[in-house]
1. Given an 8 Å cut-off on Cα distances and at least 6 residues of separation, report the relative contact order of the chain as a percent.
2. Label Glu117 and Thr326 with points 7 Å out from Cα along Cα→Cβ: what is the distance between them in nm?
3. Positive end of the charge dipole of the stretch 394-457 (Lys, Arg +1 and Asp, Glu -1 on Cβ, about the Cα centre): tell me which of Ile421, Val411, Ala455 has its Cα farthest that way.
4. Using the Cα centre of the stretch 24-100 as the reference point, and only Cβ charges (+1 on K/R, -1 on D/E), how large is the resulting charge dipole? Debye, rounded to the nearest 20.
5. In which sequence would Glu325, Glu339, Glu157, Glu380 go, from the one with the fewest C-beta neighbours within 10 Å to the one with the most?
6. Once Lys and Arg get +1 and Asp and Glu get -1 on their Cβ, which of Gly241, Ala266, Thr317 lies farthest toward the positive end of the dipole of the stretch 150-392?
7. Is there a quick way to get the dipole size of the chain? I mean about its Cα centre, with the Cβ of Lys and Arg at +1 and of Asp and Glu at -1; what is the value in debye to the nearest 20?
8. Anything over 25 Å Cα to Cα? Flag those among Lys349/Lys391; Lys404/Lys442; Lys29/Lys170, in the order listed.
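FYI, it's all coordinate maths here, none of it is from the lab. Predicted model, so just to flag it, every value in this text is computed and none were measured. FYI the Cβ positions are ideal-geometry reconstructions off the backbone, even for glycines, and counts take in every protein chain you see.
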Amino acid sequence: MVDIASPDALSPARGEAPRISFVSLGCPKALVDSERIITSLRSEGYELSRHHQGADLVIVNTCGFLDSAKAESLAAIGDALKENGKVIVTGCMGAEPEQIRDVHPGVLAVTGPQQYESVLAAVHQAVPPQHDPFVDLVPPQGIKLTPRHYAYLKISEGCSNRCTFCIIPKLRGDLVSRPAGDVLREAERLVNAGVKELLVISQDTSAYGIDLRYAPSQWKDRQGETREVRTRFFDLARELGTLGAWVRMHYVYPYPHVDEVIGLMAEGVILPYLDIPFQHASPTVLKRMKRPASNEKTLARVLAWRAACPDLTLRSTFIVGFPGETDAEFEELISFLEEAELDRVGCFKYEPVAGAPANELGAQMVPDEVKEERWKRFMEVQQRVSARRLKRKVGSRQQVIIDKVGPTVAVGRSKADAPEIDGVVHVAARRPLRVGEIVTVKIERADAYDLHGTAVGY
Ligand code: SF4
């Protein structure tokens, strides 16, 4: 859940402008949707409120990915109804409104994911806007919910894969890519507004542009030259790398064409970082999961990437206890972890999300206690691998972007750390550091997740 009361999102109280309290739940993609809704509301003169009480309306942007996320969303709606009474619901859970109305019949409106116009129409109906064009100015980069120095850049909506554990395509539809020119213009506006790090997100970043057949679009680059850029993963990555910000790639699948992008990482055009959700390593489980690129020889590919770009950081997520997962298949996963030596890894125990085709595969469900045991074993193995990889950094110099400053030590992230999901670097410095500043840090110590060091270059 995101605290919407960030300084960027709030403005001083003024007159009788209607006040909206906003709750944003779920993944970075949902966060970008929240930013779009809030940007539109602010441009129409709505104020944001820190609290439900005293606001004219509450909007809850829900997440419906797992049953636990749905429960959290329903609880947030319940709180908003209790504290305020006027509630509009949007986001992933909105794709199945009856799930919400059955529990909370009192909500004013329910709209689905990416239905920005419908959310705004519902808000207008509940609390009409009082637009004042002289004071309701919105910065050209829109309202960001992330700190000023980094921003998520959403390059497409939906997903054309059909992984059997996932209901996202049902909720969000097939892949719809944004033309490259649009994405680059947004990225440029963000960089001009002070963003130092762009986090590229989508459901399947390597599939970017397939739906548009990689159509070229116009972009005027920083030298003022108009050029055509294809709507394609490699082309977009290369152009984003010219903007002067760190560019970090999330949700990439191991298709062969990802190899070209590793070249851009080795050349320093984009960050040597890949967030690549493998989900499993056993070919038979991957087949049952219907994962994209499940036939690729993933371990060989990972080793080749490392050879081409030795600084590459690999982050991934996995699921243990997928229906029918045998001991032998789980062992394949453990061997993969040992050999691939991924830097950062998250692991989920399989949850039979309602509507996911995996529940209908006819495979035997893995008992909860087995899932738990496998999860623990997985985490033990990976913690050893991650700690080993972190330790190798002791003695090196790393560039670190500062996220938070304290009286004696600042907290930042190296090129190997994405915000929220990876570790951090604790930085001692001779002079006060500023949030968003990038400094060179000599790494002196590593613990299980984080690094510690001293700033040696400013
Ligand atoms: S790639 Fe698979 S897991 Fe990811 S959103 Fe698409 S269907 Fe879901």
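1. Rounded, it is 10 percent for the chain.
2. So the label points at Glu117 and Thr326 sit 5.3 nm apart.
3. Ala455
4. Dipole about the Cα centre, nearest 20: 140 debye.
5. The order, fewest Cβ neighbours first, is Glu380, Glu339, Glu157, Glu325.
6. Gly241
7. The dipole of the chain has a size of about 1260 debye.
8. Lys349/Lys391
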